[in-house]
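Chemist: The structure's right below; bear with me while I get my questions together.
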Amino acid sequence: MSEREPPSPSSAARALPSFLQTPQAVSAHTHPHSTTRFNVGTCGLDRCGLCDRVIDVGSEWRTFSNEKAQKDPSRVGDAQNPLLNGGDLTTMIGKGTGSASFDEFGNSKYQNRRTMSSSDRAMLHAFKEISTMADRINLPRNIVDRTNNLFKQVYEQKSLKGRANDAIASACLYIACRQEGVPRTFKEICAVSRISKKEIGRCFKLILKALETSVDLITTGDFMSRFCSNLGLPKQVQMAATFIARKAVELDLVPGRSPISVAAAAIYMASQASAEKKTQKEIGDIAGVADVTIRQSYRLIYPRAAELFPPDFKFDTPVDKLPQL
């Protein structure tokens, strides 16, 4: 008996359905007539039976609507934290709630072993404190990340031994804000932390020396838009205050004065010349400076007030009618 000859390629092609007779390789994943069945792990074509294996990337557990407020059990483990030394590879056992979690004496059957080092625990506590402080003053994530990196460098160098970690974290947050171009005052950082302004200032100088880094000098323009926005002043007053502060610095009218006090005095002068007048106390509460500080800076720039306003400023109160403090 003669052996049966295999079908020729042309006859095999004629045996396939017309929608499969293509020169390219056929894949069930990309074909428009495919059906995916995650319960059996296959993706097949309905008309010819071509089948590919698939992996279900969905949740391992079902999440019901009444459990949305609780933790989602579809994934376990925290996100990777490259700042910790292996802290992302540890497993923390949660507190048991059922009777099977306790022995006959009432002790927990499953307890965490102290696998996290003391340095990682200290850094983790500092990272939580930094995140809390940043949330209170609405700082973005990139500043939090920079602050965490600064704290890790200082902590690993052990150059600030004897200083509280909370004080170091507050100083790192102040440095990160200045390096990212959104500086905050010491009083603003002090208001969201439990550390005194003097201690934050000391740690700030020690960190700059230890890390051999520097920060840009703050100017009046760094705070002007935020202060005016918090005071509810219009754009015209903000631009006038910025112009006044910059002109006063260029004419050397406020030698030795901090940019914050100069900005506060410029805002006071611009607001008094406009229809949106603000008191010294209102400006001082936002800028974090005392009323007497605003008055001292204002007295230095008042004699040359006519030269400080921009040419296109619309006066509601003339320059000669501005208050003389």
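The values are calculated or read from the model by the stated rules, or taken from the named source; none is laboratory data. Model, not experiment: these values are computed from the prediction. FYI the Cβ positions are ideal-geometry reconstructions off the backbone, even for glycines, and counts take in every protein chain you see. For accessibility, only protein heavy atoms count, side chains too; no ligands or nucleic acids. Shrake-Rupley method; radii C 1.70, N 1.55, O 1.52, S 1.80 Å.
Chemist: Ser119 passes all but one of (1) within 29 Å of Ile260 (Cα to Cα); (2) of a type outside the set (Phe, Trp, Tyr); (3) touching an Asp or Glu at 6+ places or on another chain (Cβ under 9 Å); which number fails?
Modeler: So Ser119 meets the others, but not (1).
Chemist: When residues of the range 122-171 are filtered for being under 23 Å from Ile286 (Cα atoms), hydrophobic (A, V, I, L, M, F, W, C) and part of a helix (DSSP H, G or I), how many remain?
Modeler: Adding up the residues that qualify gives 5.
Chemist: Which ones in the range 176-198 are outside any loop (DSSP other than H, G, I, E, B), open to solvent by less than 40 Å² (accessible area, probe 1.4 Å) and over 17 Å from Ile260 (Cβ atoms)?
Modeler: Ala176
Chemist: Scanning for something modelled with pLDDT under 85, surrounded by 13 or more Cβ atoms within 10 Å (Cβ to Cβ) and either farther than 14 Å from Ser170 by Cα or of a type in the set (Ser, Thr, Tyr) (or both), does the range 137-153 turn up at least one residue?
Modeler: No, the conditions are met nowhere in the range 137-153.
Okay, residues lined up against (1) out of contact with any strand residue (DSSP E or B) (no Cβ under 8 Å at 6 or more places or on another chain); (2) at positive phi; (3) free of Cβ contacts under 8 Å to residues at least 24 places away in the same chain; (4) among the aromatic types (Phe, Trp, Tyr):
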{"position": "Gly162", "(1), (2), (3), (4)": "yes, yes, yes, no"}
{"position": "Tyr174", "(1), (2), (3), (4)": "yes, no, no, yes"}
{"position": "Cys190", "(1), (2), (3), (4)": "yes, no, yes, no"}
{"position": "Ser196", "(1), (2), (3), (4)": "yes, no, yes, no"}
{"position": "Ser214", "(1), (2), (3), (4)": "yes, no, yes, no"}
{"position": "Asn230", "(1), (2), (3), (4)": "yes, no, no, no"}
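Chemist: Which one of Ile267, Ile286 is open to solvent by 40 Å² or more (accessible area, probe 1.4 Å), assigned to a helix (DSSP H, G or I) and within 18 Å of Thr219 (Cα to Cα)?
Modeler: Every option except Ile286 fails the conditions.
Chemist: Also: Across the range 242-260, what is the total count of residues that are surrounded by fewer than 21 Cβ atoms within 10 Å (Cβ to Cβ), in contact with a helix residue (DSSP H, G or I) (Cβ under 7 Å, 6 or more places away or on another chain) and small (Gly, Ala, Ser)?
Modeler: 0
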